[in-house]
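Read-outs: derived from the displayed coordinates by stated rules, not from any lab. Note that the structure is a prediction, hence the values are computed from the model and not measured. Here the Cβ positions follow ideal geometry from the backbone for every residue, glycine too, while neighbour counts run over all protein chains shown.
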């Protein structure tokens, strides 16, 4: 099988897209390729740094455990290989071919020896500066222009973990496992729910057909991830984050006053809720934040990062720890979001998301209990119903209880002077009866 440029050498053993193997008699693949080290782990196998012995070229080999794959996931893998073969761009990883290595399929890709931007942040415990992000975003916008315009491909999984860096300061987009290729004559929109939740555009979860603007949203969220070390809503479970994204959109920076207005505006434009109003990649390429990259020296900007190879053992260790402590909710959302499932119907995804959202609302996000009503002041007549309590006379009595009692005794004294003792006793008895009647009425109301 001939391997595409820049290597142009022949493999004597290879695998076709349909997973039908062919091998020349007496071929020992270990004489052609050797494993240098393990550099990553995926859902269906591990990733290795490989050396092509005849040429000395180093590649990334994605091993595939066929026994773990469903029919749908095989279709996804075949589609990824097909896209890798078609997409020729200096801003995406180069596909070299697929071989049978030690009994398993292995996809050979261009090796970026400084790892993903996510790996760099984790291993070096750092975030990227605005100038570095400007250069990264310029390259990724150019990558999206080529994907969207030349190949009609919607990537659907733009994030720091899928952006690679090599020692030549080249920045490359990788992982077409859940990408979608449209025909040139179609509406170039889809409705399949897939992606990595924290980076997904709101229209994907809002029952909308979505298209290329979804990649622009993910690009903006990736810029935030590079600046802050993690995407927005990362402190929430996947399901809750999806609800927040679909209803509230981008929540703002964790430290908003730390960044320049150019950068803040760039993020705001990438994360406009209405995809129709979101700028396209050509428009973003003219944004002041991206134009800044034209005056920057990328070798100087990334010199500290590319100076030493990434410690992939440390990266793998951190990935294993993250997997070990992954929340139970993350496991649930895989039923909806896992790209290996091939996507499920919109209706089913909506039902599942609604179910888990309700669970989270009850268990994790119980609304605070309403504060108890303030204690009511005691009234001369006991607790009054609202219509009586709001009467002007009752309000005055409630606020002036001492004056009310004093006025009562003054009225009794005046009555005694005018009508005599017997009449006064009669008036007093009548008032007591009236008060008792009112109290009894109020208590039985």
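Let me understand the stretch 50-105 better: what is its radius of gyration from the alpha carbons, and its Dmax, in angstrom?
12.9, 36
So for the pair residue 416, residue 260, with labels modelled 7 Å out along Cα→Cβ, what separation do we get in nm?
According to this spin-label approximation, the distance is 9.0 nm.
For the modelled label position 7 Å from the Cα of residue 70 along Cα-to-Cβ, which residues of the stretch 29-57 have backbone nitrogen atoms closer than 17 Å?
The answer is 43-45.
In whole angstrom, how far apart do the alpha carbon centroids of the stretch 204-273 and the stretch 276-295 sit?
17 Å
Express the relative contact order of the stretch 76-186 as a whole percentage, based on alpha carbon pairs under 8 Å and six or more residues apart in sequence. Mind dumping the intermediate values first?
Details: 143 pairs, mean separation 37.3, N = 111.
Computed value for the stretch 76-186: 34 percent relative contact order.
Kindly rank 60-72, 413-425, 76-88 from highest to lowest mean number of other beta carbons found within 10 Å of each residue. Before the final figure, lay out the partial values.
On the way: 60-72: 16.3, 413-425: 12.0, 76-88: 18.1.
Result, highest mean first: 76-88, 60-72, 413-425.
Take the alpha carbon gyration tensor of the stretch 115-155, find the square roots of its eigenvalues, order them as a ≥ b ≥ c, and report rounded if a/c is under 1.5; if not, report prolate when a/b exceeds b/c, else oblate.
Numbers: a/c = 4.92, a/b = 2.07, b/c = 2.38.
The shape class here is oblate.
Please work out whether the stretch 211-271 counts as rounded, prolate or oblate from its C-alpha gyration tensor, where a ≥ b ≥ c are the square roots of the eigenvalues and a/c under 1.5 means rounded, while otherwise a/b larger than b/c means prolate and anything else oblate? Provide the component values of the computation, followed by the final result.
Details: a/c = 1.87, a/b = 1.23, b/c = 1.52.
Oblate.
In nanometres, what is the gap between the two model label sites at residue 430 and residue 253, each 7 Å from Cα along Cα-to-Cβ?
7.9 nm
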